[in-house]
Amino acid sequence: MARAVPGSQTRLLALVCFFFELLCVCMPPTPTHAESPADVLREFGLVGTWSPDCSKNPNIEPGARVTYDLSLTGEAQYRSVVRFTISKAFVSIVQIEQATILDERKLKTVRRPLKVTTEGLETRPFHFWKQEFITEKIGSKIHTLSNRFVDESADVIVDNGKTLDGQQMPLFEKCTD
């Protein structure tokens with residue numbers, strides 16, 4: 001059985017390190033792929049229609065429904081219909097400009113309103129301001145954990161799952177239709 005000569009292991013280690021460094025320097029860097037908002041929504045499982053009560057149709061009766069959709073060009077959009085009464089409703093179509101998964105339960109999105117229509121409600125300028133949302137999964141449901149305007153004011157609309165008047169944000173379930 002051959003006996004290692006002192007220093008031969010050190011030389012071997014140095015040679016292995018040299019080849020590793022050479023490999024790292026000579027290999028072209030792998031391109032980084034920034035995920036699009038559509039990819040992130042798909043990965044997080046948000047694509048589809050969500051509602052606190054999927055049996056209600058907010059186009060004709062009080063209720064709420066949101067749809068996360070991907071266009072053919074790969075853009076991510078969000079459509080929200082909230083009907084307060086038969087004669088009062090708020091409908092918005094929003095482009096999702098950025099989306100980041102914060103952890104397995106939380107997703108941050110930056111949204112820019114494209115179109116806002118109202119029935120029996122006054123449309124206000126802030127309806128068209130860009131907003132940052134954090135959506136949280138709770139089991140198979142989702143809710144808005146936080147929502148704030150992305151401007152100089154950074155006014156908060158929802159904080160820790162509650163509106164400014166203290167109401168808990170509803171849980172939305174994924175609808176099958």
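Quick note: the coordinates plus some simple rules give every number you see, no bench work behind them. Remember, predicted model here, so these are calculated numbers, not experimental data. In this analysis, Cβ positions are derived from the backbone assuming ideal geometry, glycine residues included, and neighbour counts consider all displayed protein chains.
Take the alpha-carbon positions of segment 37-174, form their convex hull, and give its projected area averaged over all directions (one quarter of the hull surface) in nm². Let's see the in-between values first.
Values: hull surface 33.6 nm².
For the Cα atoms of segment 37-174, the hull's average projected area reads 8.4 nm².
For residue 130, a cut-off of 20 angstrom between C-alpha atoms picks up these aspartates and glutamates, skipping any fewer than 8 places away in its own chain: 69, 75, 97, 122, 151, 152, 155, 159. In a fully extended conformation the segment linking residue 60 and residue 175 would gain 39.7 nm over its present Cα-Cα distance, using 0.36 nm per residue.
Computed FRET efficiency, Cβ-Cβ of residue 140 and residue 97, R0 30 Å: what is it to the nearest 0.05? Numbers along the way, then the final one.
On the way: r = 27 Å, r/R0 = 0.90.
Result of the calculation: an efficiency of 0.65.
Computed over the alpha-carbon pairs of segment 137-177, the distance histogram in 10 Å steps reads 29, 40, 25, 6 percent, short to long.
Please go through the residue pairs 88/115; 137/174; 88/108; 56/115; 56/106; 141/162 and name each one whose alpha carbons sit more than 19 Å apart in this structure. Write out the running numbers ahead of the final one.
Details: 88/115 17 Å; 137/174 11 Å; 88/108 29 Å; 56/115 23 Å; 56/106 27 Å; 141/162 16 Å.
From the list (88/115; 137/174; 88/108; 56/115; 56/106; 141/162), the Cα-Cα distance tops 19 Å for 88/108; 56/115; 56/106.
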